[in-house]
1. Any idea which residue in region 55-67 is nearest to S91 (Cα to Cα), counting only those that are touching a Ser or Thr at 6+ places or on another chain (Cβ under 7 Å) and surrounded by fewer than 21 Cβ atoms within 10 Å (Cβ to Cβ)?
2. I'd like the full set of residues that are open to solvent by 10 Å² or more (accessible area, probe 1.4 Å) and either under 22 Å from V50 (Cα atoms) or hydrophobic (A, V, I, L, M, F, W, C) (or both), limited to region 86-102.
3. Can you pull out the residues in region 11-28 that are part of a loop (DSSP other than H, G, I, E, B), at pLDDT below 95 and surrounded by 15 or more Cβ atoms within 10 Å (Cβ to Cβ)?
4. For I193, are the conditions met, namely being in contact with a strand residue (DSSP E or B) (Cβ under 8 Å, 6 or more places away or on another chain) and in a loop (DSSP other than H, G, I, E, B)?
5. Considering only residues that are over 25 Å from G53 (Cβ atoms), in contact with a strand residue (DSSP E or B) (Cβ under 8 Å, 6 or more places away or on another chain) and assigned to a loop (DSSP other than H, G, I, E, B), which ones fall in region 152-165?
6. Tell me, yes or no, whether region 144-151 has at least one residue that is at pLDDT 95 or above, part of a strand (DSSP E or B) and surrounded by fewer than 16 Cβ atoms within 10 Å (Cβ to Cβ).
7. Those residues that are free of Cβ contacts under 8 Å to residues at least 40 places away in the same chain and open to solvent by 40 Å² or more (accessible area, probe 1.4 Å), I need them from region 103-119; list them, please.
8. Suppose we filter region 156-184 for residues that are among the aromatic types (F, W, Y) and open to solvent by less than 20 Å² (accessible area, probe 1.4 Å); how many remain?
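The values are calculated or read from the model by the stated rules, or taken from the named source; none is laboratory data. As the structure is a prediction and not an experimental result, all values here were calculated from the model. With ideal geometry, Cβ positions are generated from the backbone for all residues, glycine too; neighbour counts draw on all protein chains shown. These area figures cover heavy atoms from the full protein model, side chains too; ligands, DNA and RNA do not enter into them. Shrake-Rupley method; radii C 1.70, N 1.55, O 1.52, S 1.80 Å.
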Amino acid sequence: MKIRILAFTCLFLAARTFGAIGLQHYTFDGPGVVDSVGAADGSLINGAAVVSGLLTLDGIDDYVQFSQNLIPSSGSFSVSFFAQQLSLQTSHREIISQGFSGSTGFYVGHDPSRIIRVGDSWINTGVAYPNDGLTHHFAVTSDASETRLYIDGSLADSTGPITIAGSGTATRLGRQYDPNAEFFHGTVDDLRIFGGTLSSSEVASLAAIPEPSSLPLLVLLLTPLFLRSLSRVR
């Protein structure tokens, strides 16, 4: 069912043009961590696995390692993904990370108080990580004037521009950069990295994957729009 939902969602999202350039996209529908936009595939480390269309992480020692930095260290960028935390972790945990400590490391995770952190430049967002154990959508957009954190398609908080190192540990999923551990226990899905900032409406569209029960109605509503778009092309 997840594949059908994602396929329909991809068709729906393909009908619109994003203002930002898609650099990487990971759906986790294949046997590994495969970049469907570029060529930046990841390696599964210590038992990290792709199961039923999700990256699964045990929170003990497994993670995904890339061979390069995926988050641009200069210019604007956006990061978007779904994550579900499978246990109530009460120490530093990171879903994605890159770089090194010292005011330039980038990561999205939480501290022991479960306050979301967005890198060393925004180490305390004041936004609590959800405690309900459900899947949530997270997005970070950053440009020369502002950095924004979205949860489930809604703006949660914002701050000034942040600095990201161009060196250090290459991008990881489910673990902090060296020498820290900070393993995330949960799943990750539909990870997208953009060069440029997504608008609030674009973030909302990425967060709005249809539920199975809503698909027949959504198809019924969108089919006339799709047919009209085809008629215009003719």
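1. The extreme case among them is G59.
2. Step one: filter region 86-102 for residues open to solvent by 10 Å² or more (accessible area, probe 1.4 Å), giving 86-93, 100-102.
Residues satisfying the conditions are L86, S87, L88, Q89, R93, F100.
3. Kept after step one, since they are part of a loop (DSSP other than H, G, I, E, B), are these residues of region 11-28: 15-20, 27-28.
Narrowing the set further to residues that are at pLDDT below 95 leaves 15-20.
Residues satisfying the conditions are F18, A20.
4. Details: in contact with a strand residue (DSSP E or B) (Cβ under 8 Å, 6 or more places away or on another chain): yes; in a loop (DSSP other than H, G, I, E, B): no.
No, not satisfied.
5. G160, P161, I162, I164, A165
6. no
7. P112, S113
8. Step one: filter region 156-184 for residues among the aromatic types (F, W, Y), giving 177, 183-184.
Going one step further and asking which of them are open to solvent by less than 20 Å² (accessible area, probe 1.4 Å), we end up with 177, 184.
Qualifying residue count, region 156-184: 2.
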